[in-house]
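As structure tokens, the structure follows; a few thoughts come after it.
The values are calculated or read from the model by the stated rules, or taken from the named source; none is laboratory data. Because the structure is a prediction, the values reported are computed rather than measured. So basically every Cβ, Gly included, is an ideal-geometry build from the backbone, and we count neighbours across all protein chains shown. Areas reflect the complete protein model, heavy atoms only, side chains present, ligands, DNA and RNA absent. Shrake-Rupley method; radii C 1.70, N 1.55, O 1.52, S 1.80 Å.
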Amino acid sequence: MILRNENGLSFVQFESLAHYPIHQGIFGRKGGVSPSPWDSLNLGGLSGDTRENIIENRKRIFSCFNLPVESIFDVWQVHGNRIICTESNRPLDKEHEKADAIFTDRPGITLFMRFADCVPLFFYDPKNNVIGIAHAGRIGTLNRIAADCIASMEKTYGSLPGDIVVGIGPSIGPDHYEVKEDVASDAEACFGETEGILLQASDGKIFLNLWEANRRILLEAGVRNIELAEICTACHTDTWFSHRAENGKTGRFGALLALNGNH
Ligand SMILES: [Zn+2]
């Protein structure tokens, strides 16, 4: 990952996407206006923070790339598998559609999602100039939303999996993601072979590696170029929001991806 600072905000970028004509950033929690426990760059509309704070925080993020806020396309993330391939922005006075992955091939649209432990997946097909972001929490991961995204890119844009670059962003790491037997069973049902995906500690506790799970799914779908951030949100609550490490009393950080139409 590349760490950048602009206008008092800090964000990370995938190195494997850095030389392409796109704007990308996954923003840490610093540099915003929200008070504790959402301090301070909170984008989560249902977190309890005020609408005014979130609008100001969003403005600050978009200004890092000189992108108009009106170019936004974002959704109400519901841990489902619905994917939207959009050709237009979401007018700011229009309600959010429910979905957990968003794609576009149109410059002038800024894809935007919110996270706090769930896995951000960034997709880019340089041949067809297609971008996408997916929200892969535990449910989305085990329902293979990553594979659905690749299938959707093939169908909608003619993408070839071998051309697609995917970044797996900051999210809860295997060291912090303890799960119960029921989730372990779901992972076994999803993968069969769970080596590297389910980890058992010497005291019997089971941990789920969402990063490796998504990587495995993407490899099976034919993706070859996968970059893993290896940044655990729960390890670094000074920099990231973590739903689990902060017992649900926290904000959501923003992830932005847009084609650079001026390139
Ligand atoms: Zn951790």
| query | In the list Thr250, Thr237, which residue meets the criterion of being β-branched (Val, Ile, Thr), open to solvent by less than 10 Å² (accessible area, probe 1.4 Å) and out of contact with any helix residue (DSSP H, G or I) (no Cβ under 7 Å at 6 or more places or on another chain)? | reply | Thr250
| task | With the condition kept exactly as written, say whether any residue in region 78-93 is buried (at least 23 other Cβ atoms within 10 Å of the Cβ) and closer than 24 Å to Ala229 by Cα. | result | no
| request: All but one of (1) touching a helix residue (DSSP H, G or I) at 6+ places or on another chain (Cβ under 6 Å); (2) at pLDDT below 95 hold for Gly48, so report the exception by its number. | output: (1)
| field | Leu199 within 16 Å of the ligand (Cβ to nearest atom) and of a type in the set (A, V, I, L, M) | value | yes
| query | Taking the stated definitions as given, is Asn66 part of a loop (DSSP other than H, G, I, E, B) and within 16 Å of the chain's Cα centre (by Cα)? | reply | no
| task | Please indicate, with yes or no, whether at least one residue in region 183-195 is open to solvent by less than 30 Å² (accessible area, probe 1.4 Å), within 16 Å of the ligand (Cβ to nearest atom), of a type outside the set (Lys, Arg) and not in a helix (DSSP H, G or I). | result | no
| remark: Here the residues within region 211-234 that are on the phi > 0 side of the Ramachandran plot and open to solvent by less than 50 Å² (accessible area, probe 1.4 Å) are Gly222
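Evaluate the following for Ser202: is it assigned to a loop (DSSP other than H, G, I, E, B) and surrounded by 17 or more Cβ atoms within 10 Å (Cβ to Cβ)?
On the way: assigned to a loop (DSSP other than H, G, I, E, B): yes; surrounded by 17 or more Cβ atoms within 10 Å (Cβ to Cβ): no.
Criteria not met by Ser202.
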| What number of residues in region 145-182 are open to solvent by less than 40 Å² (accessible area, probe 1.4 Å), more than 16 Å from the ligand (Cβ to nearest atom) and of a type in the set (Gly, Ala, Ser)? | 5
| request: Could you look through region 219-253, keep only residues that are of a type in the set (S, T, N, Q), away from the ligand (no atom under 13 Å from the Cβ) and assigned to a loop (DSSP other than H, G, I, E, B), and pick out the one that is nearest to Leu160 (Cα to Cα)? | output: Thr250
